[in-house]
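The values are calculated or read from the model by the stated rules, or taken from the named source; none is laboratory data. Since we're looking at a predicted model, the values are computed, not measured. Every residue, glycine among them, receives a Cβ derived from its backbone with ideal geometry; neighbour counts consider all protein chains shown. These area figures cover heavy atoms from the full protein model, side chains too; ligands, DNA and RNA do not enter into them. Shrake-Rupley method; radii C 1.70, N 1.55, O 1.52, S 1.80 Å.
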Amino acid sequence: MLTLGIDTSNYTTSAAFCDGGRVLHERRPLPVKPGALGLRQSDALFHHTLQLPALLEALFSQLKPNQSLSAIGVSDKPRSVESSYMPCFLPGVCVAQSLAAALGIPLFKFSHQQGHLAAALISAGRAELLEGGFIAFHVSGGTTECLHVKPGLEAEILGGSGDLKAGQLVDRVGVLLGYPFPAGPAMDALAMEGQIIKGIKPSVNGMTCSFSGLENKLGQMYSRGVSKNDVALYCLVSIAVNLEALAQGALARCGELPLLFTGGVCCSQVIRRLLGGRFPEALFADPEFSGDNAAGVAMLAGVGMGMEVSVKS
């Protein structure tokens, strides 16, 4: 059995095949002008429309002659709530609906967030948690949320950022330091060479953290001549400290449930090392699947068809 997943999020066009034991990816970032901090929705929609046909052509060229699709999954919104909507998901939905109709196969719709959670759980070897009953952090440029995930991957928001998202902070500081958007990989590489920092405290009120003041502080540090390495390290350690505080609050509220970290920001080696040290039993998405949603959507389509999915990078 083979399933196709399609995701057109705000910054990446992605598609993936899943056969239950492995995933084939094709993904292309959307073009962001040097020095810019993102894209308007109209621009994101336009670039997805241009990129998706060529991306799917590249993916389908990897099919073996005897392989055929059994189902298609697509992300149609950021989160699985009624008010969640972004125009950039429309190109993926239209293509997925057209393919499913032409091939006469089932179409499954999921949220972008559900795809992230599925890819994280399955790549971490905990597919049984798809039935729910865990605490998850979805940490990216568009979302910094602490979730209580229940059956059907329905998520109750327990807390998160009240202003900037963690990924926005990383990108803004990275661009300030002279690196292109998205700046996560550059910031992580810089931070690995930074000096050890002690005494960083979270900025948390209840289950809400704040990163706007941290952005100002990091800008001031850089203007005073603090090295790029140390600024990057301070940024990532501060994010980890805030996530740790939120995790402690979630565990106190919900009990000792499994703890999962996913989203592009959680690819950071610095953040993974710090949180993994504080929560030894925590689960992390395989880095290959942390920032790519189409893989998780393809996996969920397989689960919807009764396929046993157990994927490793």
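Selection within region 186-216: residues that are charged (D, E, K, R) and under 24 Å from the mean Cα position of the chain (by Cα). The member of this set that is nearest to A245 (Cα to Cα) is E215. Figure legend. Inter-residue proximity from region 63-79: first residues touching a residue at least 12 places away in the same chain (Cβ under 8 Å) and more than 17 Å from C18 (Cβ to Cβ), second residues acidic (D, E) and open to solvent by 10 Å² or more (accessible area, probe 1.4 Å), beta-carbon distance below 8 Å, spacing 6+ or different chains. No pairs are indicated.
Once region 135-155 is narrowed to residues that are over 15 Å from A120 (Cβ atoms) and modelled with pLDDT of 95 or more, the residue that is least open to solvent (accessible area, probe 1.4 Å) is T144. Checked against the criterion of being of a type in the set (D, E), modelled with pLDDT of 95 or more and touching a Gly at 6+ places or on another chain (Cβ under 8 Å), region 225-238 has at least one qualifying residue.
Matching residues to (1) in contact with an Asp or Glu (Cβ under 6 Å, 6 or more places away or on another chain); (2) touching a residue at least 24 places away in the same chain (Cβ under 8 Å); (3) surrounded by fewer than 15 Cβ atoms within 10 Å (Cβ to Cβ); (4) of a type in the set (S, T, Y):
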| site | (1), (2), (3), (4) |
| --- | --- |
| A191 | no, yes, no, no |
| Y222 | no, yes, no, yes |
| Y234 | no, yes, no, yes |
| N242 | no, yes, no, no |
| Q248 | no, no, yes, no |
| A252 | no, no, yes, no |
| L260 | no, yes, no, no |
| L275 | no, yes, no, no |
| E281 | no, no, yes, no |
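Scanning region 14-41 for residues that are within 20 Å of V74 (Cα to Cα) and in contact with a Pro (Cβ under 8 Å, 6 or more places away or on another chain) yields P29, Q41. Here E244 fulfils each of the conditions (1) assigned to a helix (DSSP H, G or I); (2) at pLDDT below 95 apart from (2). Pairing each residue of region 165-181 that is at negative phi and free of Cβ contacts under 8 Å to residues at least 40 places away in the same chain with any residue that is charged (D, E, K, R) and assigned to a helix (DSSP H, G or I), provided the two are 6+ apart or on different chains, yields no C-beta distance under 6 Å. I'd like the full set of residues that are closer than 28 Å to E156 by Cα and part of a loop (DSSP other than H, G, I, E, B), limited to region 62-97. Residues satisfying the conditions are P78, R79, S80, V81, E82, S83, S84, Y85, M86. Cβ separations smaller than 6 Å between residues 6+ apart or across chains give the following pairs from region 44-56 residues that are more than 15 Å from V32 (Cβ to Cβ) to residues that are not in a helix (DSSP H, G or I): L52/T13; L55/T13; L55/A15; L55/E26; L55/R28; L56/A15. For V265, the test of being under 19 Å from G160 (Cα atoms) and either in contact (Cβ under 8 Å) with a residue 24 or more places away in the chain or in a loop (DSSP other than H, G, I, E, B) (or both) is passed. Of everything in region 123-164 that is in a helix (DSSP H, G or I) and in contact (Cβ under 8 Å) with a residue 12 or more places away in the chain, the residue that is nearest to R272 (Cα to Cα) is S123. Scanning region 1-23 for any residue that is surrounded by fewer than 17 Cβ atoms within 10 Å (Cβ to Cβ), under 17 Å from the mean Cα position of the chain (by Cα), assigned to a loop (DSSP other than H, G, I, E, B) and of a type in the set (G, A, S) turns up nothing. G167 falls short on exactly one of the conditions (1) at pLDDT 95 or above; (2) within 21 Å of the chain's Cα centre (by Cα); (3) within 15 Å of C267 (Cα to Cα); (4) open to solvent by 20 Å² or more (accessible area, probe 1.4 Å), and that condition is (4). A single entry from L275, L257 fulfils the requirement of being farther than 18 Å from G21 by Cα, in contact with a strand residue (DSSP E or B) (Cβ under 8 Å, 6 or more places away or on another chain) and part of a helix (DSSP H, G or I): L275. Are any residues in region 71-111 surrounded by fewer than 17 Cβ atoms within 10 Å (Cβ to Cβ), over 19 Å from Y11 (Cβ atoms) and of a type in the set (G, A, S), and if so, which ones? The answer is S83, S98, A101, A102, G104.
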